[in-house]
1. Here are labelled values, (i) 43.4; (ii) 31.6; (iii) 24.3, and one is the computed mean projected area of the Cα convex hull in nm² for what I pasted. Which one?
2. On a C-alpha basis, how far is the centre of the range 195-270 from the centre of the range 487-551 in Å? Whole number, if you could?
3. Nearest 0.05, what FRET efficiency do GLN481 and LEU45 give at R0 = 45 Å with Cβ-Cβ as r?
4. With a 10 Å radius around each residue's Cβ, average the other Cβ atoms per peptide and rank 470-483, 400-413, 116-129, highest first.
5. LYS57: accessible area at probe 1.4 Å, nearest 10 Å²?
6. When a/c reaches 1.5 or more, the comparison of a/b and b/c decides; with that in mind, is the range 398-551 rounded, prolate or oblate per its Cα gyration tensor?
7. Assuming R0 = 51 Å, what is the FRET efficiency of LEU201 and THR75, from their Cβ-Cβ distance, to the nearest 0.05?
8. Roughly how tilted is helix 292-302, in degrees to the nearest 10 and between 0 and 90, from the longest Cα axis of the chain?
Amino acid sequence: MSAEAPATLAEAAPRKGGDATLARIHLFDTTLRDGAQTTGVDFSLDDKRAVAAMLDKLGIDYVEGGYPGANPLDTAFFAQKPTKRAKFAAFGMTKRAGRSASNDPGIAALLDAKADAIVFVAKSWDYHVHVALEISLEDNLDGIRDSVATAKAAGREVMLDCEHFFDGYKANPDYALACARAAYEAGARWVVLCDTNGGTLPDEIGRIVAEVAKVVPGDNLGIHAHDDCGCAVANSLAAVEAGVRQIQGTLNGLGERCGNANLVTLIGALKLKERYNRRFSVGVGEAELGELTHVSRALDEMLNRAPNRHAPFVGASAFTTKAGIHASAVLKDPRTYEHVAPDLVGNVRKVLVSDQGGKSNLVAELERIGVTIGRDDPRLSRVLEELKEKEAQGYAFEGADASFYLLAKRILGELPAYFEIERFTANVERRYNALGELVTFSEAIVKVKVGEESLISVAESALGPVNALDLALRKDLGRYQSLIGGLRLVDYKVRVFQGGTDAVTRVLIESADETGERWTTVGVSANIIDASFQALVDSITYKLMREGATA
């Protein structure tokens, strides 16, 4: 073990968040506002409420909901506060030049919203004031003062997002500082320094924040970093080192262009790295930290996005080892290739079974899924060879434990022959129904042999051919029917293994049963229906294995 191992062990345990001796870092989430600007992301009203509740439960201090009055959805969202613990924040612009804050319709909408805090955005780069707003520098400062004071007088907690602050500081430090000072002196609880273009580097962030802290106390400063240079998380941490006590970001780094600072990564670093957990506390407790992976993936599922496998802390590959020599070391002591323990953030350690792995990987993975086999067992070589052949065809078992389990059991001679698929067909028809409406229906026929009995089932579905096949396959399995009554398909994913006219399709199906247990199976074929059917068959077979059914 290296000399650094003890430090790694210390980092593996988060400190209690309620320690009064620690400086408090306030976490501000803007997933529902800035994150909504992500290309391809559109939150419904129900989505917004679900995300707000998830953030509230996680322990985020502020949840920014959007811009009330800008569109009907955000206006409806602010009709009722969606959080219980977190402060709910409304976002909007400072008053327009030439009118008072008390006579500005945008500010009126903010004050009417059911929000605990109001976040104003204002230009702090003189270039933008002249070119984008086309007003004088003093008019911009007057807008900041009047807007902040008006919201403060209405009893709201007030923040000012100093847009383009770092670019503005580099161009005209006196004016950028004047904007920050104006907000603070008018009563803003937080003055947030924004790296709006995402082009500032960590050393610049630290130096500039230190200068700002001479004008506005660090306990009133926040950081809002974009990721255009891949430095948003590093910039946020550099700002904390320089004195800021609020960090703004988004779940999974959502945001326009390259995204915002990833709050998921920041929470992991603040909670698990000794440099921070010995000095700072956050609202996310140890139990909530253990839900971090779930929260990250739940958001992606809601948005129908494939989770980033390589995301720090929460990615499916974050604690996955593939190379043989690394896998061997991890099996001896996980600290050799892990900077923190995966279970602390709700993730799991995996040693990939792959064509690059050897017997150490395979034995470890078989043990993880409940298959015990000696390293010298000759059947192990057969499992490894079959695995390599399957992967060459396009199968991937790291995300399909149930299919991997069945593969191993079959080669080990421990998989009962419950049923045999004799044939299946699936058809899609577009037609007019009895009401004269144009509809699309799918019909599936499955012939299955259970023992000496042949059974034929037919099912129709308006949800597509895969759903029709699923219904038909589970309609009548003879003596096994009672064991699969609670089985249902809960997720369906399609991946193209290779492009071109000879594309191979990989289908992943997630199933669940009446106990709440979930498992994933995989099928591969040039035909998407065939690949789907393979995965469906594996799902039922796995359920029967779990129930202890015999052939």
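The values are calculated or read from the model by the stated rules, or taken from the named source; none is laboratory data. These numbers were taken from a predicted model, which means no experiment stands behind them. Glycine also receives a Cβ, built like all others from the backbone with ideal geometry; neighbour counts cover every protein chain displayed. Protein only, heavy atoms only, side chains kept; ligands, DNA and RNA dropped before computing areas. Shrake-Rupley method; radii C 1.70, N 1.55, O 1.52, S 1.80 Å.
1. (ii)
2. 42 Å
3. Numbers: r = 41 Å, r/R0 = 0.91.
It comes to 0.65.
4. 116-129, 400-413, 470-483
5. Accessible area, nearest 10 Å²: 150 Å².
6. Judged from the Cα gyration tensor, the range 398-551 comes out oblate (a/c at least 1.5, b/c at or above a/b).
7. 0.85
8. So the helix axis and the longest Cα principal axis differ by about 80 degrees.
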